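Undergrad: Below is one structure. I have some questions about it.
The values are calculated or read from the model by the stated rules, or taken from the named source; none is laboratory data. Quick caveat: nothing in here was measured; it's all calculated off a predicted structure. Don't worry about glycine lacking a Cβ; one is built from the backbone with ideal geometry, like all the others, and counts go over all protein chains shown.
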Amino acid sequence: MQLVIDIGNTRIKAALFEGSELKHFFVYDSTTELLASGILEKYSVSDCILASVVNEIGPFLEMLRWKVKLLLFNADTPVPIKNLYKSAHTLGSDRLAGAVGGNNFSPNSNVLVIDAGTCIKYNFITKNNEYLGGGISPGLQMRFKAMHTFTSRLPLLEVDEKSDILIGKDSNESIISGAQNGAVAEIDGIITQYKEQYPDIKVILTGGDVNFFEKRLKNSIFADQNLILKGLNAILEHNIKLK
């Protein structure tokens, strides 16, 4: 089995694959919790790939290297698509892994991957299997936090998945309407702009807020909560074949 680990800003996702098939999925709050779960002892893991947007994981890496063959995914790791991003060394591992996952989902197609998490990340891959880049904007919770942090009187609210309010009748309703409807309108608008340039484009939505957006977006999309993990596994398999 192959172990895939994605360390994000708010949580850690891990998955076990047999070839390209995802067999088990896990979520952890910390690297300590991951190690304590005994995942490496319970399953026969041959190879592992780790991607992280967090820098302070040195001790965790050393522990993994003692237990399994580890590939640390970074800007120098070979990938099965052509990376044309101008500043490849500043490209987040989650963005490139999502692009690989999108390309793996629909090879030789124009694909827009939207990762709706802490930030909303747009990643575009051409039908020539080339990653060009995309965009980054604040995610849902970041929008709520920004309004609270940069004003003196607005309260800190959270996402209300049940709300479909357009016209807020008080401050709380107005904040929820603005943050949530604004994010939905942004994503729909960005998709429409891509479709104007690439009419045959396929759009894939992933990330922690995938369920919130999937039922609200007007544009036709595919949704895959585990797309980045699948992309990381494709990168791991690509590197195993290169050995």
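Undergrad: Test T31 against the stated conditions and say whether it is touching a strand residue (DSSP E or B) at 6+ places or on another chain (Cβ under 8 Å), β-branched (V, I, T) and within 22 Å of E237 (Cα to Cα). Full working, then the answer.
TA: Values: touching a strand residue (DSSP E or B) at 6+ places or on another chain (Cβ under 8 Å): yes; β-branched (V, I, T): yes; within 22 Å of E237 (Cα to Cα): no.
In short, no.
Undergrad: Oh, and also: Restricting attention to strands (runs of 3 or more DSSP E) lying wholly within the stretch 41-120, give those where 1 or more residues are of a type in the set (D, E, K, R) and within 21 Å of the chain's Cα centre (by Cα).
TA: 111-116
Undergrad: Which of the residues that make up the stretch 36-55 are of a type in the set (V, I, T) and under 16 Å from I235 (Cα atoms)?
TA: I49
Undergrad: One residue is enough: does the stretch 129-148 have a residue meeting the conditions part of a loop (DSSP other than H, G, I, E, B) and buried (at least 19 other Cβ atoms within 10 Å of the Cβ)? Steps first, answer last, please.
TA: To start, the set of residues in the stretch 129-148 that are part of a loop (DSSP other than H, G, I, E, B) comprises 129, 139.
Within this subset, residues satisfying the condition of being buried (at least 19 other Cβ atoms within 10 Å of the Cβ) are 139.
Yes.
Undergrad: K195 fails exactly one of the following numbered conditions: (1) touching a strand residue (DSSP E or B) at 6+ places or on another chain (Cβ under 9 Å); (2) charged (D, E, K, R); (3) within 27 Å of S20 (Cα to Cα). What is the number of that condition?
TA: Result: K195 fails condition (3) only.
Undergrad: All but one of (1) of a type in the set (A, V, I, L, M, F, W, C); (2) over 22 Å from H238 (Cα atoms); (3) touching a residue at least 12 places away in the same chain (Cβ under 8 Å) hold for V79; state the number of the condition that does not hold.
TA: (2)
Undergrad: While we're here: Which condition breaks for L70 when tested against (1) surrounded by fewer than 16 Cβ atoms within 10 Å (Cβ to Cβ); (2) over 25 Å from D224 (Cα atoms)?
TA: Going through the list (1) surrounded by fewer than 16 Cβ atoms within 10 Å (Cβ to Cβ); (2) over 25 Å from D224 (Cα atoms), L70 breaks only (1).
Undergrad: Looking at the stretch 73-116, which of the residues that are more than 26 Å from P138 (Cβ to Cβ) and in contact with a His (Cβ under 7 Å, 6 or more places away or on another chain) is surrounded by the fewest Cβ atoms within 10 Å (Cβ to Cβ)?
TA: Among them, the one singled out is P78.
Undergrad: Quick one: which helices (runs of 4 or more DSSP H) lie wholly within the stretch 152-243 and hold at least 3 residues that are more than 23 Å from A97 (Cβ to Cβ) and modelled with pLDDT of 95 or more?
TA: Because the criterion is at least 3 residues that are more than 23 Å from A97 (Cβ to Cβ) and modelled with pLDDT of 95 or more, the helices (runs of 4 or more DSSP H) in the stretch 152-243 that meet it are 171-197.
Undergrad: When you check Y43 against the structure, is it crowded, with 16+ Cβ neighbours inside 10 Å, in contact (Cβ under 8 Å) with a residue 40 or more places away in the chain and over 22 Å from T10 (Cα atoms), yes or no? Steps first, answer last, please.
TA: Numbers: crowded, with 16+ Cβ neighbours inside 10 Å: no; in contact (Cβ under 8 Å) with a residue 40 or more places away in the chain: yes; over 22 Å from T10 (Cα atoms): yes.
Considered against the rule, which asks whether it is crowded, with 16+ Cβ neighbours inside 10 Å, in contact (Cβ under 8 Å) with a residue 40 or more places away in the chain and over 22 Å from T10 (Cα atoms), Y43 comes out as no.
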